[in-house]
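Visitor: My questions all concern the structure below.
The values are calculated or read from the model by the stated rules, or taken from the named source; none is laboratory data. All figures in this text were calculated on a predicted structure; none of them were measured in a lab. Here the Cβ positions follow ideal geometry from the backbone for every residue, glycine too, while neighbour counts run over all protein chains shown. Side chains are part of the model used for accessible areas, which takes the heavy atoms of the whole protein and leaves out ligands, DNA and RNA. Shrake-Rupley method; radii C 1.70, N 1.55, O 1.52, S 1.80 Å.
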Amino acid sequence: MRLIISFAALFLSISLLQLSSGAIGPLDALAGIQRGFGQTQIGLLGSAHFLGFFIGCWWSPRLMGTVGHSRAFAVFAAFGAIGAIAHPMLIDPTAWAIMRIMTGLCIAGCYTVVEAWLQAKLTNETRGRVMGTYRIVDIGASSLAQLMIGVLDPASYVSYNLLAILCCACLFPLTLTQSRQPETPDAPRLHPIRTAITSPLGAAGVMVAGTTSAAFRMVSPIYGSEIGLTAAQIGSFLATVLIGGAVAQFPAGWLADKYDRRYVLIGLSVASIAVCLGLVAASNMGFGAVFVMAALFGATTFPIFSVSAAHANDFATPEQSVELNASLMFLYALGAIFSPIIAANLIGNFGPAALFAFISGAHLILVIFGLARMAVRPTSTDKTRYKYLPRTSYTVARLLRRKR
């Protein structure tokens, strides 16, 4: 308990940040619908978020080295607060896209600071307990952020003002803590081409994970609105997906450690395709069926990133793991940047079912590529241990790496 309390400031800051940034995505989608934005314009907001996320992952280690952890966290939180509170001031999709770049920059930068701080304070004896608590805090706050959509008026200044207040409040615990700031870690070098050569299937898997999860999280409020879900039901729908994905990490990890990870990856993609078909059918079967399929969607789709990363790490030395995982995050962000606008455009042209046709197509490509790779190269016999990798910052790879 003393150990957890010593990290309470970091955990509280992350909770408040996640409540703010996690709610702004679906809130923007619903507000865009009320304001008369087109589907492609709403998709642009999701793509802008991941563009900001990518910039934040690259910039945050460098800013920490210049001004320190606390000041860097304050800078990124200010970006998020400004991006949230400026929404009602200028009702324009292009302006909102710029604001979403700021909020994406905020979440990537703040997570990088917190995870770098955790990494410096952890030992091999405390790593498992602290990381377990960190994941529970992150998933819990993220799920609660989705549920907030049911009580926030999408077109109200008060809603965005509340999110800005939460973003500002995340500054207090971390900046007022008396814990000594750690040394700034070196920024990992990005070698995405080298990573793709080291593990083509691992690289393809994380890109598909970025493509599918970003398209779903940023565009599914349009789908929910099209099939008649209320704002509260859309929030519950998104929270159910997150919880399903979190729970599935344990059986997915067991399978990935026991069997050939390529079979697990292909199996998850096949299951995701089946669930996508089920979601299309469930839209006409009532809200209960939609929520059941939402949980299954999270369970089959969200573990793909961690399984792909584990497969890629099987072909890397321990010294290469940090840079490899940083490159995997780069590839994830690359897939996530473009997919929301593509998925939203497809919905605008072909209806809500097009979202799941797009996601199914991405998984089908991964299945075909996985089978092709199995015919070319055997899997590694020296398997690394499966680890649940939250897609938060480049620094998370260091958090899960035991010190020698």
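Visitor: Can you give the accessible area per residue of region 196-314, in Å², using a 1.4 Å probe?
Guide: The answer is 32 Å² per residue.
Visitor: Carbon and sulfur together cover what percent of the accessible area of region 24-173 at a 1.4 Å probe radius?
Guide: Values: 3630 of 5260 Å².
Carbon and sulfur atoms account for 69 percent of the accessible area of region 24-173.
Visitor: Using a Förster radius of 22 Å, what is the FRET efficiency between residue 342 and residue 364 based on their Cβ-Cβ separation? Nearest 0.05, please. Mind showing how you got there, number by number?
Guide: Details: r = 16 Å, r/R0 = 0.71.
Rounded to the nearest 0.05, the efficiency is 0.90.
Visitor: Also, quick follow-up: Calculate the length of the line joining the C-alpha centroid of region 32-66 to that of region 196-216, in whole Å.
Guide: Computed from Cα coordinates, the inter-centre distance equals 19 Å.
Visitor: Averaging over every viewing direction, what projected area does the convex hull of the Cα atoms of region 203-344 cover, in nm²?
Guide: Its Cα hull, projected and averaged over all orientations, spans 8.4 nm².
Visitor: If you don't mind, another one. Would you work out the Kirkwood radius for region 249-313? I mean one over the mean of 1/r across all pairs of different Cα atoms, in Å.
Guide: Here the Kirkwood hydrodynamic radius works out to 12.3 Å.
Visitor: Another question about this same structure. For region 134-286, with equal point scatterers placed on the C-alpha atoms only and solvent neglected, what are the log10 I(q)/I(0) values from the Debye formula at q = 0.09, 0.15 1/Å, to two decimals?
Guide: Listed by q, the Debye log ratios stand at -0.46, -1.11.
Visitor: Another question, then. State the Cα centre-to-centre distance between region 271-336 and region 239-259 in whole Å.
Guide: About 10 Å separates the Cα centre of region 271-336 from the one of region 239-259.
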